[in-house]
Amino acid sequence: MAESFAEAQSELPESGESVSLADRRTPELVFAMVGPVASGVTTTANMLKSLLEDEYGYQVGYYKVSDIIEQCADLVAPPHDKLKTGHERTKRLQDIGNELRKTFSSKYLVEKCIQKIAIKRVDVDGYKNIGATAVPMPLRQAHIIDSVKHPEEVKILRDVYGDIFWLLTVFAPEQVRERRLDRLGFDRSQVSSLISRDEHEDVTYGQKVRDTSHLADFFVRNDKENDEGLAATLSRYLAVVFNVSVQTPTRDESAMYNAMAAASRSACLSRQVGAAIYSREGELLGLGWNDVPKAGGGLYGVEERGLDHRCYKWGGKICHNDARKEDLYKKITSSLRVIEAGSPLLATGAKEDEVRSALRTTDIRSLIEYSRAVHAEMEAIISVARGNKAGLVGSTLYSTTFPCHSCARHIVASGIFKVVYIEPYPKSLALDLHDDAISIDEKDERGKVVFLQYEGIAPKNMLRLFNHGVERKIGGKVLELAKKEAQPVFPPPIDSFTHREQMIVKEIGDKEEAKKRTSRE
């Protein structure tokens, strides 16, 4: 196998074969996995690999980032013996991975994966020489990266691979992951810090699984003791990607799509959140998004025109929550300088900017009470009341983000029995303040309101995967494709648009020249 891309290119065979535009779409796929420690990312990646190979006839390359960290460790750390198992190995991999990202870039480890994919494409005859040009050829090939830890890694993969890239988030409740680590022999006293570090580190080059997970195209719950449910989930996702049979969204997928659509209506300067409430029978009861309330009921919207008083065009066009918190930092700093009994509470030489910076590291930065916006979950509940609808008790609320503690207590009081969310919200104290009424365990039988992470196809992909206009029948009968011949729903062009332009120009020129020759004859 070639050791570098340049070396691999030099080994390309020569060919005079021409290439047509019609054949320039590729079934190639790139998958990346993300998930907290002990969620079963590697188990999921291996199962996905087997399904692609056995059922869809793909050649699959598997790239384990921990192996790359070991291979590159000497670039940033002293030579070391082979990494041990358990907590010691995991911690060292975390340390070295951080150092590599710090030294090179937050994208470095994934860029090494991209390098390996590029080399592999040459090794499997993924190019043909057309004249003096090495032209990439479509391949029934997939690549699985296990796993990414940082949003910048996802961004570079999307930038490079576009529509052939899919991100899978694998998750399991923390108590399930703790049990798995315990069975693997991890020291119980260190499990909590390991999980916390993996989830989010404050340094920019650190691990940020929490900030990466919600970017997924597919969400996979892996909390069972066997792999049966996991296999069924992955099989369905692939059936949707390849459109091998008629596929439609689940109830959760449709509901979360409506919540995400509602979020798009928000003009909040901080974040866009959407919520949808569904009855036990699966009927839509209410929608909400975070925005400023208007007199008479509801929220301001673009329809108000001159009467739209949302923050982006009202009162200085600022985030009033942020502005109030800045005022709070200043007032606290000033108060600390007040002299009580002849001595200041704050040293005279202390710099105000340093004091404010210190205050910003406290929970003051998490205050949300000064926002003018009604939160999405609250607006969804209120919309049910405004419409005088029944069915709120026992319903399910779908939210694009984990509810804050203020929304959580209203959710509990309303009679909603389940919440499904996509993005975590670290500021929320819902579980700390209301663990008597809220549980994250689906099997909790104590009558608590259950908050569950969303499993399904990401809302952003709903129209792309379920409304693509592909033929569903032939001769009046359902069209079912053989998996090993099926193409992804959107096999993208393998070339850049400028190269495709050149191919069209050449094709037109060839046709015109042929016509001229015919006319002369």
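Bear in mind that the values in this text are calculations on the coordinates, not laboratory data. No experiment lies behind these values; they were computed from the predicted model shown. Using ideal geometry, Cβ is built from the backbone for each residue, glycine included, and neighbour counts are taken over all protein chains shown.
Taking the charge dipole of the chain about its Cα centre, with +1 at Lys and Arg Cβ atoms and -1 at Asp and Glu Cβ atoms, the residue from Gly206, Val34, Gly282 reaching farthest to the positive side is Gly282. Note on Lys155: lysines with a C-alpha under 24 Å away, same-chain residues under 8 apart excluded, are Lys49, Lys64, Lys102, Lys107, Lys112, Lys116, Lys120, Lys208, Lys460. Spacing of the modelled spin labels on Tyr312 and Arg25, each 7 Å from Cα toward Cβ, amounts to 3.5 nm.
With a/c under 1.5 counting as rounded, go ahead and sort the range 444-521 into rounded, prolate or oblate using the C-alpha gyration tensor (a ≥ b ≥ c being the square roots of the eigenvalues; past the cut-off, prolate if a/b is larger than b/c, else oblate).
prolate
Extending 7 Å from the Cα toward the beta-carbon at both Arg372 and Ser105 defines two label points whose distance is 4.0 nm.
For the chain, the share of DSSP beta bridges that are antiparallel, to the nearest 5, is 40%. The convex hull of the Cα atoms of the chain, projected and averaged over all directions, covers 37.1 nm². Fully extending the segment from Asn46 to Ser193, taken as 0.36 nm per residue of separation minus the present Cα-Cα distance, adds 50.2 nm.
Full extension of the chain between Thr361 and Arg183 yields a length gain of 60.5 nm, computed as 0.36 nm times the residue separation minus the alpha carbon distance. For the pair Asp123 and Asp74, label points projected 7 Å from Cα toward Cβ lie 2.0 nm apart. Relative to the longest principal axis of the Cα atoms of the chain, helix 86-103 runs at roughly 80 degrees.
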